[in-house]
Amino acid sequence: MTHRALLSFGRLIVHFAFWIAAATAFVPAAHAERIKDLGTFQGVRPNQLTGYGIVVGLAGTGDDSLNYSTEGVKGIAARFGLNLPQGVNPALKNAAAVLITADLPAFAKPGQRLDVTVSAMGKAKSLRGGTLILSPLRGADGQIYAMAQGNLAVGGLGVSGADGSQVSVNVPSAGRIPGGATIEQAVATGFDTAPTLTFNLAEADLTTALRVADGINRAFGDRRARAMDAVSVMIDAKPGAEDRILMMGMIENIEVKPAEAPAKVIVNARTGTVVINGAVRIAPAAVAHGKLTVSIKESPTVVQPAPFSQGQTAMEPSSAITVEEEKRPVIDFKGGASLADIIKAVNAIGASPSDLVEILEALKQAGAMKAELVVL
């Protein structure tokens, strides 16, 4: 092999080793999750937009004489130099006043399209077949960020008869316009000029924040990340959009093992739903659960007088009282009983969801269950 071939082969080996090292730096641990699934970078978020508009072209299901739609249509007509006479009410059955909502994604640029939701705000029965007239969408700062217009797609249906009867399927007074808004102005995120980058966890947890910071430091081989509290991880970064986007993309794909969730029992008192997460443990305790049923049965009898006794027919009461008590075994929870042990024990005594709530509340009051009990 020539000297040049040996050099080429050596470079190939070096490049191969570099890519192997880069790949192993991001090898996921057992049950690990990507950092991008645990939270978001501060400032990189969507913004809500709202607007007011008029939908026209309805088949007699509009707002009729509602002032909102009347004034709105007068304003639209004025754009084209058409002024309605004073005191004239157009009684617009084919138009409706609506509110428009949309989400402006992070880094959205002028010219891109947004999906918008259009909802009637007056007496309109249905927006099916309507067209939204050009309407501005504003942010929380009052600035116009998009313009919306287009034909509505309404999934609901409403029909009414002459006798006042009505039939509705889903909600016909709201609809969507896919790609119905055009972005006119971008939102400055400030991520490229801030002194540092901040990653915020979706759920506050000190252990997870420390693990995220440690995962970033191990991947880059320095101490650029540090946990500031249970939510925020501050990351040192060079100014400039290009460098920061490259680093953010690498950070998002680093995998870390989040901390185990705190022990919680969620109870929905309205539906009887009980959810117990896997972190719940039961200390040594014994549970006896049973029901006492008392039933009273009334069986009155009719008493007839003897013949020719001048007596009257009477009702003689007759009551039967029974008491039944279900005999169920006592459940003995050993120390450190897990979720599987709890389910097995509850099924053994045939407890209903409402019974389970009472058992869990009693265990917490007795100090045998170290978990947060949340009642919805």
Fill in: Built amide H within the under 5 Å cut-off of Lys93, gap 5+
Asp64
Worksheet item: What are the ³J(HN,Hα) values, in whole Hz, obtained from phi via the Karplus relation 6.51 cos²θ - 1.76 cosθ + 1.60 with θ = phi - 60°, for each residue of segment 368-376 in sequence order, with x given for Gly and Pro?
Response: 8, 10, 8, 8, 7, 9, 10, 10, 8
Worksheet item: Which residues does a label at Ala140 reach in segment 176-218, if reach means a backbone N under 17 Å from a point 7 Å past the Cα toward the Cβ?
Response: 187-191, 200
Worksheet entry | Normalised per residue, the volume of the convex hull around the Cα set of segment 175-220 (Å³) | 174
Worksheet item: What figure in square angstrom, to the nearest 10, would you give for the accessible area of Glu358 with a 1.4 Å probe?
Response: 100
Fill in: Amide proton proximity set for Gly39, modelled H, under 5 Å, gap of 5+
Ala202
Worksheet item: Where Rh denotes the Kirkwood radius from the mean inverse Cα pair distance, what is Rg over Rh for segment 98-250?
Response: 1.19
Worksheet item: To the nearest 0.05, what FRET efficiency results for Asp355 and Ala261 with a Förster distance of 22 Å applied to their C-beta separation?
Response: 0.30
Practice prompt. Would you grab the residues whose amide H sits under 5 Å from the one on Leu104? Only those 5+ places off in sequence or on another chain, please, with H modelled 1.01 Å from N.
Written response: Asn47, Gln48, Leu49
Discussion item. Whole-Hz ³J(HN,Hα) for each residue in segment 110-123, computed from phi via Karplus 6.51 cos²θ - 1.76 cosθ + 1.60 with θ = phi - 60°, x for glycine and proline: what do you get?
Written reply: x, x, 6, 9, 10, 7, 10, 10, 10, 10, 5, 10, x, 9
Worksheet item: Once you put a point 7 Å from the Cα of Asp37 and another 7 Å from the Cα of Val275, both along the Cβ direction, what distance in nm separates them?
Response: 1.7
Item to complete: Determine the sum of side-chain charges near Val56: Lys and Arg each +1, Asp and Glu each -1, restricted to other residues whose C-beta is under 12 angstrom from that of Val56.
Response: 0
Discussion item. Could you tell me the center-to-center distance, by alpha carbons, between segment 109-141 and segment 233-271 in angstrom?
Written reply: 34
Worksheet item: Taking the Cα-to-Cβ direction at Met147 and at Ala202 and moving 7 Å from each Cα, how far apart do the two end points lie in nm?
Response: 3.7
Discussion item. Can you compute the FRET efficiency between Ala186 and Lys364 using 1/(1 + (r/R0)^6), with r the Cβ-Cβ distance and R0 = 56 Å? Round to the nearest 0.05.
Written reply: 0.60
Worksheet item: Each residue of segment 187-195 in order: what ³J(HN,Hα) in whole Hz does its phi give by Karplus 6.51 cos²θ - 1.76 cosθ + 1.60, θ = phi - 60°, with x for Gly and Pro?
Response: 9, 6, 7, x, 5, 8, 10, 5, x
Worksheet item: What accessible area, in Å² to the nearest ten, does a 1.4 Å probe give for Met121?
Response: 70
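The values are calculated or read from the model by the stated rules, or taken from the named source; none is laboratory data. Because the structure is a prediction, the values reported are computed rather than measured. Don't worry about glycine lacking a Cβ; one is built from the backbone with ideal geometry, like all the others, and counts go over all protein chains shown. Just so you know, the surface numbers come from the protein's heavy atoms only, side chains and all, with ligands and any DNA or RNA stripped out. Shrake-Rupley method; radii C 1.70, N 1.55, O 1.52, S 1.80 Å.
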